[in-house]
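*Asks:* Would you mind keeping the following structure in view while I ask a few things?
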Amino acid sequence: MDLKQLEKILETNGSRVFQLVNIEDYRDDYNSSYPDTTKELLVDLKSCLPYIFPGDFTDSKYGGELSTVVVDTIENFYSKFQAIGIQPIIFVGNYKQKFNRHDWTQRQYVAVDKVNKVMDLVKSNTKPVPKSDHGVMPPELVQSVTGFLRSQSSFGWTVVQSLTETKTEMITYARKHDSFGILGHDMDFCIATAARNYFSIEQLCLETMTTRLYDAPSLAKHLQLDVNQLPLFATLMGNDRMEKEIIKTFHDDILKKGSGGAFVKNIASLCKPVTCNAKGEPLDKNQVMNLSKQIAHGSLSCPTKVSNLIMDSIVSYQKYYVEEELLADSLDMAPEQRDMINLALTLYRQCWITSDLLQLLFVKEMQMETCMEMFNKDGIKPIGDVLASLRKVLYGAAFNSDQNTVISEYVITGDKC
C-alpha cells in the first residue's frame, strides 16, 4: 500500500471527497489575487504522459520516435491550456536521490514483469487493456517528448530536468512563486499544499477543461484529521521516504482488519491522537516513538531508526535540499573546472545532458538510471560486451577533456541476475 493507490481507493469506494471543477473558474480566482502574475501550471511529465497519450502503448507508433502522433498530442495539450491563459511548466525527472535508489531499482524488476505480461498477451493475440496494471510506458517516449519540448523553447515552452526529487522541486517552486497549480497523479502534492491548486491528470478532460481538484482540507475532512496531521498520515501510508521492507509487516497487520477504504481509515485512526504543529511535526516525541515501535515490530528494525525515518518523511514536505554530491561549490577543484561543472548543471536543467554524464563530470560514482543487471540472462552476452558501446559514448566526454577521471565498474548481483 502507498500514496499512489490512495486516489484510486478514494474514488473506487464511491467517496465524493474531491469536487469536479472547471479550470477556467480557478484561473479567474487566481487572477483576482495575482493580476500581473503568469498563471503557471507545473506538470509532472512522467505521471501525466500515460493519460495525455491515447490508446495502447504496445503499438509501435508510441515506441518513442518523434512521430506525428507525439508532436500533435503534445501540441494539442499545450494549446488547450494556452487558449485559457495558462502556461504549462514541464518537470521531468532523471537523477535519483541516494535514499530511494535501491527502491527505484526494485521497481525496474516490477516493470520487467509487466513487459513480459504485455508480450504474453500480444503473442496470444489478446490486446492489453490501456492504462491497466499491465500498462508500461516506454522511457523513450519521455525522452522524445522532452526533446520536442526543448526544441520549442523559443515559443515560450519550458521544460526543467529535476536535479533532485521531482516532486520536491515542484513543491518548492510552487511555494516560492505562488504558482497557479500543479497537474499530476500523486497525493503528495495535495498533502504538501504547494501550489494554489492541485489538479488530477487522470480526471482531466481537455475538451471541457474540467478535472478533479484535490485539496488538503477535503482529504483531512474525509479522514477526520487535521490538515497538520496529513504528513504523518502520508508517512504511515508508505510514501517514498519510508523503506518498504520496514513498513511491509506493519501494513500486513493492518490489512488483516480490512483492505481498501478500511485500511486507509485504520491508518488515519493511528494519527488522530497525535497533535502536530503547522509544519506537520508531532509535538510529543513519545507518540512518535510508540508508532515507531509498532512499525518496527516484526521487521527486526530499530525503533529509533524508524522514528528518524518518520521525522525525515514529515520534514520532507517542508524542506528542500541538494545532496552533497551535486554541490559544485563544495568540490575541491580549480575555478575553471568548477565553471565547467556549473555549465553542466545548466545544461542538465535544460535537458541537454543526462544525469549519467553530469555525475561523470563531477567525478562521482555513476548511478545509472537503467538497471543494468537485467541484461545478465540466459542467451545474452556477458554484461561487459553488451555495454561496451554504451560505455564508449558515456565516457567519451570525460576522456576527451583535460580532467583526470577514474571510472570504476561494478557488476550487481541479485535474485534475478
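The values are calculated or read from the model by the stated rules, or taken from the named source; none is laboratory data. Quick caveat: nothing in here was measured; it's all calculated off a predicted structure. Using ideal geometry, Cβ is built from the backbone for each residue, glycine included, and neighbour counts are taken over all protein chains shown.
So that you can scan it fast, the table gives a plain yes or no per residue for (1) surrounded by fewer than 23 Cβ atoms within 10 Å (Cβ to Cβ); (2) within 28 Å of ALA344 (Cβ to Cβ):
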residue: TRP157; (1), (2): yes, yes
residue: MET170; (1), (2): no, yes
residue: PHE189; (1), (2): no, no
residue: ARG196; (1), (2): yes, no
residue: MET209; (1), (2): yes, no
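*Asks:* How about the stretch 157-196: which of its residues are in a loop (DSSP other than H, G, I, E, B), in contact with a strand residue (DSSP E or B) (Cβ under 7 Å, 6 or more places away or on another chain), at pLDDT below 90 and within 14 Å of ILE89 (Cα to Cα)?
*Replies:* Scanning the stretch 157-196 gives SER162, ALA195.
*Asks:* Go through the stretch 217-263 residue by residue and tally those that are in contact with a helix residue (DSSP H, G or I) (Cβ under 6 Å, 6 or more places away or on another chain), at pLDDT 85 or above and on the phi > 0 side of the Ramachandran plot.
*Replies:* 1
*Asks:* Surrounded by fewer than 20 Cβ atoms within 10 Å (Cβ to Cβ), touching a residue at least 40 places away in the same chain (Cβ under 8 Å) and part of a loop (DSSP other than H, G, I, E, B): does that describe GLU202?
*Replies:* yes
*Asks:* Tell me, which residue of the stretch 276-315 that is free of Cβ contacts under 8 Å to residues at least 24 places away in the same chain and not in a helix (DSSP H, G or I) is farthest from the chain's Cα centre (by Cα)?
*Replies:* Filtering first and then ranking leaves ASP284.
*Asks:* I've got another one for you. I need a count of the residues in the stretch 329-380 that are over 30 Å from GLY156 (Cβ atoms), modelled with pLDDT of 75 or more and buried (at least 16 other Cβ atoms within 10 Å of the Cβ).
*Replies:* The number of residues fulfilling the criteria is 1.
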